[in-house]
Amino acid sequence: MRIPLIAGNWKMYKDVKETEEFCLKFRELYHDTDIRALLLVPFTSIETVRRLTEGTNIMVGAQNVYFEREGAYTGEISVPMLKALNVEYCIVGHSERRGYFHETDEIVNKKAKALLSEGILPVICVGESLEIREAEGQNEHVKNQIRADFSGISAEDAAKCVVAYEPIWAIGTGRTATPEQAGEMCSLIREELIEMYGEDTADQIIIQYGGSVKPENITDIMNMPEIDGALVGGASLDPVKFMDIINF
Ligand code: PGA
């Protein structure tokens, strides 16, 4: 049984004061549900979210990490540093990091392994550009990402990972994939994971859709059988909208 997971990806938004304001409002609105809710926030907001959501079952995560444990890597944050903050999840391979910061599948894979070695669960993002979609190369592209990103990860660890399918053309554009398009790609990802790990393991992996998810389209997205949750960007910055999405 996969429990739905709705995650908010704040990206590079909200300083500490804005984080406090969000959490205070969100606390008023939030009541525990069967849906698992996760906030993936800037490093500088992790402590504040953790403190102000105490007593609820809201989980807190990061959006990036470096794979080395420590060393002269100015500006980077390690897995043990996140572990010390009780971070439960961390995004790896978001298309913005792949695009702006040149993260390859090899780096994504190293980061996922480093996280898993400390018990932090990676949210591994995959998805095709508009160019690839228009050339109908999305299936091949996403399958290759899954193969490379999960390379050398054991079945036991893979079962704990989250995959977020985020077509780049749908991120922050207001142009959502249709529930059918999203569902098809999430099925394809599950099939690839079945090939790699077998059905028992693949059945446990949460597969989310991300890209312009909002209160108006979450129900149709969640109705697709292979979609277990959503990775929400813009709409997760507003406590009312994010709560409406969790309560879809
Ligand atoms: P969006 O972002 O919901 O603003 O499209 C999704 C994401 O990038 O995770």
note = Computed, not fitted: 222 nm per-residue ellipticity of the chain from DSSP H runs ≥ 4 (each -39500 (n - 2.57)), nearest 500, equal to -11500 deg cm²/dmol
query = If you count, for each residue, the other Cβ atoms within 10 Å and average over each peptide, how do 73-86, 149-162, 206-219 line up from highest to lowest?
reply = 206-219, 149-162, 73-86
remark   = For the chain, whose charge dipole is built from +1 on Lys and Arg Cβ atoms and -1 on Asp and Glu Cβ atoms, the candidate among Asn64, Tyr13, Thr48 with its Cα farthest towards the positive end is Thr48
Order by protection proxy (mean Cβ within 10 Å, highest first), peptides 100-110, 138-148 = 138-148, 100-110
inquiry  = Let me spell out the model: positive unit charges on the Cβ of Lys and Arg, negative unit charges on the Cβ of Asp and Glu, origin at the Cα centre of the chain. What dipole size does that give, in debye rounded to 20?
reply    = 720
Centre separation in Å (Cα based) which lies between segment 186-225 and segment 26-46 = 21
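Quick note: the coordinates plus some simple rules give every number you see, no bench work behind them. All values derive from a computational prediction rather than experimental measurement. Methodologically, a virtual Cβ is constructed for each residue, glycine included, from the backbone with ideal geometry; neighbour enumeration extends over all protein chains shown.
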